[in-house]
Amino acid sequence: MPDWLANIGLSHYLTVSFVLFGIGLLGVVTSRHVIRVLMSVELMLNAVNVALVAFNNTVNPNDLSGQVFSIFVLTISAAEAAVGLALVIALYRAKSSVDMTSFSILKG
């Protein structure tokens, strides 16, 4: 293992995770395009996965529960993306737009 790789600690992984989560949150808050919002949510979920694996590696490096939980989150996020894209396709067929402000049919 290279020396620089051995010196990477929990704070480095958490910094990457916080930056990814911040970029995803910024995308969710500022974007009106539905596809960008879905991609931002996926980015936020992947940031959480990085943090889960980093914490697991720090607390108990011999246990793989963080990696298993991360794979579970990836599976759930894939299902979320599939359902979200199916909704986007249905709404696009109804409104011919993917702008979130034009989706007033979702309001009660």
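The values are calculated or read from the model by the stated rules, or taken from the named source; none is laboratory data. All values derive from a computational prediction rather than experimental measurement. Counting neighbours? That spans all protein chains shown, and the Cβs are built from the backbone with ideal geometry, glycine included. With ligands, DNA and RNA removed, areas are computed over all heavy atoms of the protein, side chains included. Shrake-Rupley method; radii C 1.70, N 1.55, O 1.52, S 1.80 Å.
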Take residues that are over 30 Å from residue 101 (Cβ atoms) and in contact (Cβ under 8 Å) with a residue 24 or more places away in the chain and tell me which of the helices (runs of 4 or more DSSP H) falling wholly in the stretch 1-91 contain 3 or more.
10-30, 34-59
Could you go through the stretch 53-63 and let me know if any residue there is within 12 Å of the chain's Cα centre (by Cα) and either of a type outside the set (Val, Ile, Thr) or on the phi > 0 side of the Ramachandran plot (or both).
no
Confirm whether residue 84 is of a type outside the set (D, E, K, R), closer than 26 Å to residue 9 by Cα and surrounded by 14 or more Cβ atoms within 10 Å (Cβ to Cβ).
no
Whichever residue in the stretch 58-73 is touching a Leu at 6+ places or on another chain (Cβ under 8 Å) and open to solvent by 70 Å² or more (accessible area, probe 1.4 Å) and, among such residues, is modelled with the lowest pLDDT:
58
Mind checking which residues of the stretch 92-108 are touching a residue at least 12 places away in the same chain (Cβ under 8 Å) and open to solvent by less than 80 Å² (accessible area, probe 1.4 Å)?
98, 99, 103
